[in-house]
Amino acid sequence: MHVLLVEDDEMLADGIARILRGQGMAVDVVNTGEDADRALGSREMSVAVLDIGLPGIDGFEVVRRLRMRGSALPVLLLTARDDVQDRVQGLEIGADDYLVKPFAAPELVARLKALVRRSSPRTIDLQVGGLQLDPFARRATVDGQIVELSAREWAVLEYLMQNASRVVSKQQIIDAILPWGEELTLNAVEVYVSRVRSKIASAGVSIKTIRGFGYMLEQGSA
Ligand code: CA
């Protein structure tokens, strides 16, 4: 799960980011509406948490632009006051949920998980051949047997499963699994893929190498 967190109060942003990372989510933090707009136009996210009151373009405007680009990304708005007008306006322009500050951390986590679950049925019960992923329990099984994966191996496999039977580039894998600011080389992606390949060898699933480009996961033995 990849979260874009947009909050100009840096202390609050740090606190929220720590909580979400503690839940195994990848979190990118930006502090202005302009940066949020840019990030949402260029990165693959599962959900955005957007403060309404931002310097420059506000949270409402960020959502408006996002929807105008045709994106259905789930958005949870954070509002500083329990104001009906804010709530109505937020929902009307296409936000999916909102929380009033201050809020309890477990409530934010639960709502984000619910939003992602609702928005992307593909991320539940990912199954190809004998390989099954439960994204919320972060558990991979081959014919019912649990497969031990590192966090990075898990993220690579989840992305390949979400895009089963489609060719994905190494760079797309990197963009999907890494928070901003962290770096990963194309060679490292190859290493993760080869480890995952050996761990799921008995699943009746193959991860084909598309030379010079990337990979495709599909049903059938290699
Ligand atoms: Ca604010």
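Numerical summary
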read-out: Accessible area expressed per residue, the chain, with surrounding protein chains retained (probe 1.4 Å, Å²); value: 49 Å²
read-out: Between 0 and 90°, nearest 10: helix 33-42 axis offset from the chain longest Cα axis; value: 20 degrees
read-out: FRET efficiency, VAL84 to ASP8 (Cβ-Cβ, R0 22 Å, nearest 0.05); value: 0.40
read-out: Phi-based couplings in Hz for region 147-163 (Karplus 6.51, -1.76, 1.60; Gly and Pro marked x); value: 9, 7, 10, 6, 4, 5, 4, 4, 5, 5, 5, 4, 5, 5, 5, 4, 10
read-out: For the chain, radius of gyration divided by Kirkwood radius, i.e. Rg to Rh on alpha-carbons; value: 1.01
read-out: Mean separation of Cα contacts under 8 Å, 6 or more apart, over the residue count of the chain: relative contact order %; value: 15 percent
read-out: Per-selection Kirkwood Rh - region 126-219 (Cα, Å, 1 d.p.); value: 13.2 Å
read-out: Apportionment of accessible area to carbon and sulfur, the chain, percent (1.4 Å); value: 49 percent
read-out: Rounded Å value of the spacing that divides the Cα centres of region 160-180 and region 6-84; value: 22 Å
read-out: Convex hull projection area averaged over all views, region 1-94, Cα basis, nm²; value: 5.6 nm²
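The values are calculated or read from the model by the stated rules, or taken from the named source; none is laboratory data. Keep in mind it's a predicted model, so treat the numbers as computed, not measured. Cβ atoms come from the backbone with ideal geometry, glycine included; neighbour counts cover every protein chain shown. Heavy atoms of the whole protein, side chains included, go into the accessibility calculation; ligands, DNA and RNA do not. Shrake-Rupley method; radii C 1.70, N 1.55, O 1.52, S 1.80 Å.
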